[in-house]
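Read-outs throughout are calculated quantities, based only on the coordinates presented, and are distinct from any laboratory measurement. These numbers were taken from a predicted model, which means no experiment stands behind them. Ideal geometry is used to build each Cβ from the backbone, glycine not excepted, and the neighbour counts take in all protein chains shown.
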Amino acid sequence: MPEIKIDRLVLKTAAMDQQAAKRLAEQVAAGLERAPLPGELPQRAELVRLQVRAAPGATTEGLSKQILSELMRELRRS
């Protein structure tokens with residue numbers, strides 16, 4: 001199974017209070033630890049930028065899953 005190394009992860013969460021933003025960051029980090037990475041990934045992706053907008057009423061758990069899904073998709077394309 002391939003490994004990934006993330007030096008820095010920045011989440012801009014202007015619409016969230018500090019506690020919810022911290023919970024989201026923790027959920028994304030935990031999800032990355034568990035994320036299956038089957039198949040070939042590129043050797044190196046210097047920068048991956050995503051813009052993920054939460055649906056109205058979305059929970060931090062739902063948003064973290066959406067972020068992880070988009071991130072994994074982008075890593076496979078890089």
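What ranking of E70, E46 emerges when the number of other C-beta atoms within 10 Å of each C-beta is taken as an exposure proxy, fewest first?
Least crowded to most crowded, the residues run E46, E70.
Work through the residues other than G31 whose Cβ is under 11 Å from its Cβ and net out their charges, Lys, Arg +1 and Asp, Glu -1. Could you put the intermediate results ahead of the total?
On the way: positive: R34, K65; negative: E26, E33, E61.
Local charge sum for G31: -1.
May I ask you to order 5-11, 17-23 by the average number of other C-beta atoms within 10 Å around their residues, highest value first?
For the peptides 5-11, 17-23, the packing ranking is 17-23, 5-11.
Treating segment 18-77 as a set of equal point scatterers at the Cα positions, no solvent, please give the Debye-formula log₁₀ I(q)/I(0) at q = 0.12, 0.22, 0.24 Å⁻¹.
-0.32, -0.95, -1.07
Ranked by Cβ crowding within 10 angstrom, fewest neighbours first, how are S69, S64 ordered? Display every interim value, and only then the final one.
Details: S69 13, S64 23.
Ordered from fewest to most neighbouring Cβ atoms within 10 Å, S69, S64 come out as S69, S64.
What FRET efficiency do you get for A15 and R77 if R0 is 25 Å and r is their Cβ-Cβ distance, rounded to the nearest 0.05?
0.35
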